[in-house]
Amino acid sequence: MSYVLGLDASTQSFSGLIIDLEQGLVVAEASVNFGDDLPEYNAPSGFIPHGKDGEVQADPRMWLDALEKLFPALGQQCDLARVSAISGAGQQHGSVYLNEDWFRVIGALGTGRKLSEQLSTTFSRATSPIWMDGSTGAECREISTTVGGDHIVCEKSGSIATERFTGPQIRRFCKTSPAAYASTARIHLVSSFLCSVLIGADAPVDTGDGAGMNLVNIGTWDWDSDLLAATAPELRERLPAVKEGFSVVGKLDPYYIRKYGFSAEVPVAVFSGDNPSSLVGMGASRPGKVVVSLGTSDTFFAAMPDVVADPTGSGHVFGNPMGGSMSLQCFINGSLAREAVKEKFNYTWEQFSEAFAKTPAGNSGHLMVPFFRPEISPRIDLEAPVLDGTSAFENWQEADAAIRACVEGQFLNMKLRTHWMQLKPEVIYLTGGASQNNAIAQVVADIFQARVQRLPTSSSVALGAALRAANACLGADFAALEAVFCKPTGDKIIVPDPTTKAVYAEMSVRFERALKSR
Ligand code: XUL
């Protein structure tokens, strides 16, 4: 019984990883891709395409169906009866709206029908806004004005009122669909919704994911009455409790025991957001390490000894699941931007990587502001990248240069936007799908002039969930867990080339100029 399961409900897929505590090994790893494996939801990238007015939403039943495909896939690789603790994490900020029926149905799951069918009557809103949603500009301004200005919202919640955050999303729902808001009895984050579904009871949110709502006070780590009042009427009673990231919140529901062969009485630790969970999975939950995660969103984050706020308002402070806080900067133009350039030239990922060997650092002066959709770091409403270079490059006729320019632009921008954290990393811990790509890792090392290290797994979100579960539910020593599971592999260390320092310093200046010209 020494297996621990960590789950990761991210934007484009639902993944799981099982570790064996005695052997110090990952014994199973599986992933269900929403676009490929659940095409009936018509969400090729995990959300409903072509939302209007900046809306980006997903059907929460898709996450449930993915969970039910994930367990058998994991069960093919190891005996699920040996799992003795579970936790998970979800894409941050997304919210699920449930009616009064929720409380009854969640406590009475039967194995006759799948989860998405049993819960179908419990949604007071059919679709969930997710973190890519930028439709709430007006609501952010209203909340800010009511509370007394951006600086007060930031001081209280760790972020200024932010479009994708749950509070502004709730306000918009309440304004546009007042009857549906009135019939909403519970609002969950993606993480707390899925945790509830696993324990068969209404679960709390943790301080890591909870801080991404503009509703939790980062001084008290509980709901802030001013923020609640500025957001929507009678909101407190619609929200679950807030708990620290190392809390045990229930036991696995008998549904999973009967249907998938888990054992009885398996404890479940509170779920967190994907980035806070990744902080843990990278062995970076104590101050001193900087993590860059390359996923649908690219993120840059670190555990913080002191809480420093971002003066430009686009950075965030969240709870650190292991205690204290973390800072985070999120870039919406992450893997979807890299994919867009790759698709433009019909390249394979192999050709994409080869493009870096064919072009020099600095790209012979070709520069791209690689925003294919409005960016949040910095906030700018571009719908297409800005290109600066030869006319062939500017007309998208130079495939290899365009690929390097996209990636260089992403990390020049990342370095510029994260100065506020006052961190000068000597080592960057790289994770997420694209992190195993050596060409991309070299660009990160050169632009930050820092060593880049990677773990054997790129699934640091699920690993972080498993480590939290082992610590919270089984009392496993956290430092010992980190020493075994968060050890960077030697062959995955990338060293910066010092000759590129001046090249990128000059390019940063040009990047800011190109950005300001818009
Ligand atoms: C963080 C953010 C994204 C999501 C999806 O603030 O919005 O990183 O967590 O990964």
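The values are calculated or read from the model by the stated rules, or taken from the named source; none is laboratory data. Bear in mind the structure is a predicted one, so any value in this text is a computation, not a measurement. Ideal geometry is used to build each Cβ from the backbone, glycine not excepted, and the neighbour counts take in all protein chains shown. Side chains are part of the model used for accessible areas, which takes the heavy atoms of the whole protein and leaves out ligands, DNA and RNA. Shrake-Rupley method; radii C 1.70, N 1.55, O 1.52, S 1.80 Å.
Normalised by the number of residues in the chain, the average gap of Cα pairs under 8 Å and 6 or more apart makes the relative contact order 15 percent. Counting only protein chain heavy atoms and rolling a 1.4 Å probe, the accessible areas of Arg82, Arg236, Arg417 rank, largest first, as Arg236, Arg82, Arg417. The alpha carbon radius of gyration of the range 270-356, expressed as a multiple of 2.2 N^0.38 Å, is 1.31. Taking a quarter of the surface of the Cα convex hull of the chain gives a mean projected area of 21.9 nm². Using only the C-alpha atoms, the convex hull of the range 121-272 corresponds to 109 Å³ per residue. Working note: Cα atoms of the range 211-290, range along each principal axis, descending, whole Å: 46, 39, 16. Thinking of the range 441-496 as a set of Cα atoms, what percent of all their pairs are more than 19 Å apart? Of all Cα-Cα distances in the range 441-496, 41 percent exceed 19 Å.
How large is log10 I(q)/I(0) at q = 0.11, 0.12, 0.13, 0.19 Å⁻¹ when the Debye formula is applied to the Cα atoms of the range 173-251, each weighted equally and without solvent? Here the Debye-derived log intensity ratios amount to -0.29, -0.35, -0.41, -0.84. Accessible area per residue (1.4 Å probe, heavy atoms of protein chains only) ranks Arg171, Arg104, Arg338 as Arg104, Arg171, Arg338, with the largest value leading.
In terms of overall dimensions, the range 79-156 has a Cα radius of gyration and Dmax of 18.7, 55 angstrom. For the Cα trace of the range 375-518, dividing Rg by the Kirkwood Rh returns an Rg/Rh value of 1.05.
When the chain is described by a simple charge dipole with +1 on each Lys and Arg Cβ and -1 on each Asp and Glu Cβ, the residue from Gly88, Pro204, Thr11 located farthest towards its positive end is Pro204. The figure for Thr296 is an accessible area of roughly 20 square angstrom, using a 1.4 Å probe on the protein chains alone. Of all lysines in the structure, those lying under 18 Å Cα to Cα from Lys415, and not within fewer than 8 positions of it along the same chain, are Lys289, Lys424, Lys501, Lys516. When every Cα-Cα distance of the range 478-518 is counted in 10 angstrom steps from zero, the calculated P(r) takes the values 22, 22, 21, 22, 13, 0 percent. Each peptide in 251-264, 269-282 receives the mean, over its residues, of other Cβ atoms within 10 Å, and ordering these scores from highest gives 269-282, 251-264. Summed over qualifying helices (DSSP H, 4 residues or more, each -39500 (n - 2.57)) and divided by its residue number, the chain shows a 222 nm mean residue ellipticity of -10500 deg cm²/dmol. Only aspartates and glutamates eight or more places from Lys358 in sequence, or on another chain, were considered; those with a Cα closer than 15 Å are Glu350, Glu398, Asp400, Glu408.
In the range 403-463, the inverse of the mean reciprocal separation of distinct Cα atoms equals 12.2 Å; this is its Kirkwood hydrodynamic radius. Principal axis extents of the C-alpha atoms in the range 1-83 (largest first, rounded to whole Å): 51, 21, 16. Once the chain from Gln351 to Glu383 is taken as fully extended at 0.36 nm per residue, the excess over their C-alpha distance is 9.0 nm. In the range 274-417, inverting the average of 1/r over every pair of distinct C-alpha atoms gives 16.3 Å as the Kirkwood radius.
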